[in-house]
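*Asks:* Got a structure for you, written out below as structure tokens; questions coming shortly.
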């Protein structure tokens, strides 16, 4: 590449600076002024062939007449995989970009879910940096733990920062449960691994040495106890880092005791599971449970060679020349029915809204836009 | 029909096992010629004969070569009256539906085709070693020469989404036709933030070996987007 070549990231930063420069020239960050500029930039986007120059443009709010109006919304950021600044600042910039996206949402979400894998190698400095970035969020934070946060010190520092990895809370009539679903049976002692080697092994998606993820008997007992006092008609939303089903074992797109966890949830009328780890648009429905995978801010993952749930509409494969493509963040609209619609805010692409009715109808209704560039 | 000398066979395989320590290999020191004629040694490391009327560097006809070989074997058999001999099986595994033209003789032996299951095993192990080295580099940011702790597997677990079968193809973002190695080097320069490998860099060869091995069975489809 020549010296005069501008990277996608440089272009993005310039466009963003110009965007906010325009806002400043309008004299005030009034809503009317903001809408005017946002409208103008949307026009530019359309002229460019539907490639959005800024990911923080206004997102069309999902229409939800059939399944109830949105009762409230929450946003998500996930899988930021932070290295410390001296090692690699690319993922830091992506995480900051996601925080800016979420802070630009109007109205603001009730809270922001972070989907796990805040750090890349579970280091204290990485987790501290992550917390510092997430403190920039205007809305309250709810966080779950990922394997990259855990296996250096077995969660010691993460717990110091964020508390117990399993907890539940009630919000506007919905019962939220956060699970620690990335427990692994001890594979490291037999191999004489140091904590750093254990972490590096778990961090490798295609490293077959490690065990499969599980909630584990203790975690399931906690869940059973937590749900015991909840009315069956109360909508349940579960956060877990790994998908609570079996997608692809070799990459740990997998929870070994998924069926047992699903059995604990199956008695409830309305259940939604929201998970990180897979870095892709991922949809599933098993029994009466809707599953949504989250996007990563760091990098997208290819779809696994087998096991992809039938209801998943693949996101187009990512442009390797654009560090942001295939990544993103998003928003959940919790309907009055307790069902959850999901907006995938894919950077540099049109956002994709998945209606809960698409999953409930087994793909009959509200099918999301078809895949144009499938996986190889 | 083809006769094999078991001593030769043993020597040949021994040399594969000790390939890394060539200075330790047994050497057959030939005796000096009594009258300046060519001296030829047998692969047992002991037996040799002088070829009457042929000086070193003279061309040897096929007939002469056969006579030399026969004389050496006769000498070896004389020294080893109890030596074990094995008759190589003729290759009869052809396609019965398409037998092809009738062979001119019963024996189509050629040196190039004279390999055994054990040979295949050795070759496969050598190939797998290169693939394993590629896998190691693929998963190791430092081995890639990276400066930002990024390795290939972070975006391409098991080499997925590398689609080597689609190259060469017009790489739109580069504005030119690219080979797999061009894209490997692009990744090394950009996300990995390292220096691209030279075309003959053994690391590049190993990476190509690993990536191709991961796609065994996929049909070649060059130019595919």
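*Asks:* Could you tell me which of the residues A:205, A:209, A:161 is in contact with a helix residue (DSSP H, G or I) (Cβ under 8 Å, 6 or more places away or on another chain) and more than 14 Å from chain B (Cβ to nearest Cβ)?
*Replies:* Values: A:205 fails: more than 14 Å from chain B (Cβ to nearest Cβ); A:209 fails: more than 14 Å from chain B (Cβ to nearest Cβ).
Selected residue: A:161, the only one of A:205, A:209, A:161 that is in contact with a helix residue (DSSP H, G or I) (Cβ under 8 Å, 6 or more places away or on another chain) and more than 14 Å from chain B (Cβ to nearest Cβ).
*Asks:* Just give me the residues in the range A:242-259 being out of contact with any strand residue (DSSP E or B) (no Cβ under 8 Å at 6 or more places or on another chain), within 14 Å of chain B (Cβ to nearest Cβ) and surrounded by fewer than 24 Cβ atoms within 10 Å (Cβ to Cβ), in sequence order.
*Replies:* Of the range A:242-259, the ones out of contact with any strand residue (DSSP E or B) (no Cβ under 8 Å at 6 or more places or on another chain) are A:249-252, A:259.
Right, trim to within 14 Å of chain B (Cβ to nearest Cβ) and you get A:249-252.
Across the range A:242-259, the qualifying residues are A:249, A:250, A:251.
*Asks:* Can you find a residue that is in contact with a strand residue (DSSP E or B) (Cβ under 7 Å, 6 or more places away or on another chain) and outside the structural domain of residue A:107 (by TED's automatic domain parsing) anywhere in the range A:298-311?
*Replies:* no
*Asks:* Only one of (1) assigned to a loop (DSSP other than H, G, I, E, B); (2) away from every other protein chain (no Cβ under 14 Å); (3) under 29 Å from residue B:225 (Cβ atoms) is not met by residue A:330, so which one is it?
*Replies:* Condition (1) is where residue A:330 drops out.
Rundown of residues vs (1) over 15 Å from residue B:136 (Cα atoms); (2) away from every other protein chain (no Cβ under 12 Å), yes/no style:
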| residue | (1), (2) |
| --- | --- |
| B:156 | no, no |
| B:162 | yes, no |
| B:178 | yes, no |
| B:183 | yes, no |
| B:192 | yes, no |
| B:208 | no, yes |
| B:212 | no, yes |
| B:218 | yes, no |
| B:221 | yes, no |
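*Asks:* In the range A:347-376, which residues are out of contact with any helix residue (DSSP H, G or I) (no Cβ under 9 Å at 6 or more places or on another chain) and without any contact (Cβ under 8 Å) to a residue 60 or more places away in the chain?
*Replies:* A:361, A:363, A:369, A:370, A:371, A:372, A:373
*Asks:* Using the structure shown, decide if residue A:91 is within 22 Å of residue A:16 (Cα to Cα) and either buried (at least 24 other Cβ atoms within 10 Å of the Cβ) or modelled with pLDDT of 95 or more (or both).
*Replies:* Numbers: within 22 Å of residue A:16 (Cα to Cα): yes; either buried (at least 24 other Cβ atoms within 10 Å of the Cβ) or modelled with pLDDT of 95 or more (or both): yes.
In short, yes.
*Asks:* Here's something else I'd like to know. Does residue B:174 satisfy being surrounded by fewer than 20 Cβ atoms within 10 Å (Cβ to Cβ) and under 25 Å from the mean Cα position of the chain (by Cα)?
*Replies:* Spelling it out, it is not the case that residue B:174 is surrounded by fewer than 20 Cβ atoms within 10 Å (Cβ to Cβ) and under 25 Å from the mean Cα position of the chain (by Cα).
*Asks:* To continue, here is another question. Residue B:130 versus (1) surrounded by 15 or more Cβ atoms within 10 Å (Cβ to Cβ); (2) within 14 Å of chain A (Cβ to nearest Cβ): which is the lone unmet condition?
*Replies:* The failed condition is (2).
Each row is one residue, and each column tells you yes or no for (1) within 14 Å of chain B (Cβ to nearest Cβ); (2) in a helix (DSSP H, G or I).
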residue: A:261; (1), (2): no, yes
residue: A:268; (1), (2): no, no
residue: A:281; (1), (2): no, no
residue: A:291; (1), (2): no, no
residue: A:302; (1), (2): yes, no
residue: A:309; (1), (2): no, no
residue: A:314; (1), (2): yes, no
residue: A:317; (1), (2): yes, no
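*Asks:* Return yes or no: is residue B:53 in a loop (DSSP other than H, G, I, E, B), modelled with pLDDT under 90, surrounded by 12 or more Cβ atoms within 10 Å (Cβ to Cβ) and on the phi > 0 side of the Ramachandran plot?
*Replies:* no
*Asks:* Do the conditions hold for residue A:237, that is, is it in the same structural domain as residue A:273 (by TED's automatic domain parsing), touching a helix residue (DSSP H, G or I) at 6+ places or on another chain (Cβ under 8 Å) and surrounded by 22 or more Cβ atoms within 10 Å (Cβ to Cβ)?
*Replies:* no
*Asks:* Among the residues of the range A:120-140, which ones are crowded, with 19+ Cβ neighbours inside 10 Å and part of a loop (DSSP other than H, G, I, E, B)?
*Replies:* A:120, A:121, A:122, A:123, A:137
*Asks:* Do you know which residues across the range B:134-162 are surrounded by fewer than 20 Cβ atoms within 10 Å (Cβ to Cβ), outside any loop (DSSP other than H, G, I, E, B) and on the phi < 0 side of the Ramachandran plot?
*Replies:* B:136
The values are calculated or read from the model by the stated rules, or taken from the named source; none is laboratory data. All of these numbers come straight from a predicted model, not from anything done at the bench. So basically every Cβ, Gly included, is an ideal-geometry build from the backbone, and we count neighbours across all protein chains shown.
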